[in-house]
Amino acid sequence: MKTVFFGSPAAALPSLRALLEAGHVVALVVTQPDKPAGRGRKLQPSAVKAFALERGISVIEPAKIRTDEPALDSIRAAAPDINVVVAYGQIIPNAIHALPRHRSLNVHFSLLPKYRGAAPVQWAVLNGDAESGVTIIELDDRMDEGDILAVKRVPVGPRETARELEERLAGLGASLLLETIEHIDGVSRIAQDHSLASLAPKIKKEDGRIRWELNAVTVDRKVRALADRPGAYTFFKGRRIGILRGRKLETANAGLAPGTVLSVGKEGLRIACSGGTAFLVEELQPEGKSPMTAHVFSLGTKIDPGDLME
């Protein structure tokens, strides 16, 4: 089947690869414009753009697809049988969904109508969900509200990070996408129950700041959900410290103030949280430095029990 593929991050790549490997023709890729990244803030292409260009697939990057007439003309010229959308990053107008003989399909990383929006996987981890999954829907011009064509449920691992869960769901979604396209003419459509809908808005950088006055379970979820993107962090003596890995501890903290350093050792930094709980920081990244274990950090920085994380 001839497709136009809409996607941007690495999580969209398994679906794009699956389409190509299954013999579908990807006539055009639509992705987000290059964005500044890294210390030099140089413009970097999306993962999908880089992949497509390596394989000689035409790419367009509309800044606002709702109002970009040349983009619409390019999609029309590609003459797709179906559009496939995976983590594209913009709401696509209905005029584009109506172009092919089949309406656009979307691979969404949640059990819709739960977690409509840009960050369903991160919110699933933040909220401590025991279950997640992938939903294939037909798109309309409202955010993630189209009819459901297929669903696959999976348990969330007790220590699974958002990155790990997203990678797992991306592979699962690619397989489910191919199955759905194969039976597209006969698959049943199920309308979403909008009364059960919940939102998963984009996570902002400031959302990653650790609030030690929360309990260790909540801190642990935040680190697992946000350490990879946009980053979980705290401050120590005015210096920003990214927290890359850690775990909640079963031992109590004897009621010390949240943010108090309880111990410094080879295991890491044990930090007091609310309710007498504690969190062990195992790996971190000081601002302007490379990632390191918390133990290595403690060897090069004066940090003692009783000090406070801000």
Among DSSP bridges having both ends in the chain, what percentage is antiparallel? Round to the nearest 5. 70 percent
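Taking the Cβ of LEU280 as the center, what net charge do the other residues with Cβ under 15 Å away carry, scoring Lys and Arg +1 and Asp and Glu -1?
+4
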How many nm separate the modelled label positions at ASP147 and ASP228, each set 7 Å beyond the Cα in the direction of the Cβ? 3.4 nm
If one computes the Cα centroid of the stretch 190-254 and of the stretch 264-310, what distance in Å separates the two points? 17 Å
Consider just the alpha-carbon atoms of the stretch 37-101 and return their Rg together with their Dmax, both in angstrom. 13.6, 45
Report, to the nearest 10°, how far helix 216-226 tilts away from the longest principal axis of the Cα atoms in the chain, using its own Cα long axis and a range of 0 to 90°. 40 degrees
Of LEU226, ALA79, THR301, which is farthest towards the positive pole of the chain's charge dipole, taken about the Cα centre with +1 and -1 on the beta-carbons of Lys, Arg and Asp, Glu respectively? THR301
Going by average Cβ neighbours within 10 Å, how do the peptides 134-141, 260-267 rank, with the highest at the top? 134-141, 260-267
Angle between the Cα long axis of helix 69-78 and the longest principal axis of the chain, 0 to 90 degrees, nearest 10? 60 degrees
Counting only residues 5 or more places away or on other chains, whose amide H sits under 5 Å from the amide H of GLY268 once H atoms are built in the peptide plane? none
Provide the packing ranking of 152-164, 241-253, i.e. peptides ordered by the mean count of other C-beta atoms within 10 Å per residue, highest first. 241-253, 152-164
At ARG55 and LYS2, where each label point lies 7 Å from the Cα along Cα→Cβ, what is the point-to-point distance in nanometres? 1.8 nm
Quick one: which residues, 5 or more positions from ARG239 or on another chain, have an amide H under 5 Å from its amide H? H modelled 1.01 Å from N in the peptide plane, none for Pro or chain starts. none
Förster radius 22 Å - calculated FRET efficiency between ARG66 and ARG209, Cβ distance, rounded to 0.05: 0.10
So what's the angle, to the nearest 10 degrees on a 0 to 90 scale, between helix 162-182 and the longest Cα principal axis of the chain? 10 degrees
Using label points projected 7 Å from each Cα along Cα→Cβ, tell me how many nm separate VAL187 and GLU310, to one decimal. 5.1 nm
When N counts the residues of the chain, how does its alpha-carbon radius of gyration compare numerically with 2.2 N^0.38 Å, as a ratio? 1.14
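Bear in mind these aren't lab numbers, they're just calculated from the coordinates by the rules spelled out. Remember, predicted model here, so these are calculated numbers, not experimental data. Glycine gets a Cβ as well: all are built from the backbone with ideal geometry, and neighbour counts include every protein chain shown.
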